[in-house]
Every structure is written in C-alpha cells, then in structure tokens.
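**Student:** One structure, as structure tokens, below. Some questions next.
Readers should treat all values here as calculations from the given coordinates under stated rules, not as data from a laboratory. All figures in this text were calculated on a predicted structure; none of them were measured in a lab. Glycine also receives a Cβ, built like all others from the backbone with ideal geometry; neighbour counts cover every protein chain displayed.
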Ligand code: HEM
C-alpha cells in the first residue's frame, strides 16, 4: 500500500516531527488554518447568497464573482497548506480518522460543484447577470455550496474529538 507508507514518511520527516514535538507549532498553524478557512467560507458564501437572491441583489453576478473569487482562491491556498502541515504531524492517525476522510471527500465534492458552475452554468451569465432572475442551476450550485462548506467545517471540528 502506497498511502500508508507516504503517511509514515510524512510524520517521520523533519517537518512532521517538529510540528508534533513543539508545544506552539501545532496551535499556531491551526490558528492560521482556521483564519484562512473563515475567509474561504465567508467569501464564497457571499457569492452563493447572491446566487440565491438573498444578498447583494443590486450587484451584478460577474462583478461579485470577479471581486470575491481571488480572495477565496488565495485563502484556500493558505488553508490547504496549513491543513497539510497539520496533517504531517500525525499523518497515519489522520489517514485512518473517519471525519478526516469525510472532510476530504466533501472537499472533492466542493470542487466538482464549483467546476460545474464555472464551466457550465456561469457561461450563460450574460443573460442573468443583473437582477433577480437567477437560473435554477445557479441556485442549486449556491445551495449545494453552502451545505457542503457547513459539513466541511463540521468535519474539521469533529476530527479533534475523534483522533
Ligand atoms: C478550505 C478547506 C478547509 C476547511 C474549511 C477546513 C476546516 C477545518 C476546521 C474548522 C478545523 C477545526 C479547527 C479547530 O478544531 O479549531 C480543521 C482542522 C484540521 N484540518 Fe482542515 N479545513 C480545510 C482544509 C483542510 C485540508 C486540505 C487538510 C489536509 C490536507 C486539512 C487538515 C486539517 C487537520 C489535520 C486539522 C486538525 C484536526 C485536529 O487535530 O484537531 N484541512 N479544518
């Protein structure tokens, strides 16, 4: 099996060992992880709420999309980097942890939902950019996005109670 071997190598690496043995590294990286995830979920939820006609109704969807997504992507990069560093500290334990596995699957689903929206639904945005006539596919993307993020955060917290 390749993955358990990679996990063993990660946690025995100098980075994994340092984070595990230090009293302050793990909490510091986790703080960065939490702050970045707040920005990821907060920013993308603003766009999702626009798709559901629940916020920013007087702003065009493309304008919000252009302003918000760079923040989402930048904070996502920080969240993934910090999450990966936390993972290296006890990779084998996390690899076998059920909430951790569910969280990773949910993140893949988040990506699929976003990709479907970007490459299919958003292509026709010119016809629904302004105003409140949002197509059903966009409303579904917004709803699914919000629900998936809620469960990602819940699973993130759940890891700490089951490891
Ligand atoms: C942007 C997407 C992500 C979100 C919203 C998220 C959310 C969370 C949350 C809310 C926590 C709990 C923090 C706490 O207990 O104070 C957490 C912890 C954690 N996350 Fe993430 N996370 C994300 C991505 C990742 C990724 C990609 C990885 C791994 C590669 C990861 C690995 C971890 C680990 C190892 C913990 C520590 C669990 C513990 O031992 O308490 N996260 N995450």
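**Student:** By count of other Cβ within 10 Å, fewest leading, how are 23, 88, 31 ordered?
**Tutor:** In order of increasing Cβ crowding within 10 Å: 23, 31, 88.
**Student:** Would you order 3, 150 from fewest to most other beta-carbon atoms within 10 Å of each residue's own beta-carbon?
**Tutor:** 3, 150
**Student:** Take 96, 33 and order them by how many other Cβ atoms sit within 10 Å, fewest up front. Spell out each step's value before the answer.
**Tutor:** Details: 96 12, 33 20.
Placing the least packed residue first, the sequence is 96, 33.
**Student:** Continuing with this model, one more query. Expressed in whole Å with the largest first, what are the equivalent ellipsoid semi-axes of the chain derived from the C-alpha gyration tensor as the square root of 5 times each eigenvalue?
**Tutor:** 36, 15, 13
**Student:** Place a point 7 Å from the Cα of residue 147 along the Cα-to-Cβ direction; which residues of segment 83-108 have their backbone N under 17 Å from it?
**Tutor:** Correct set: 103, 105-108.
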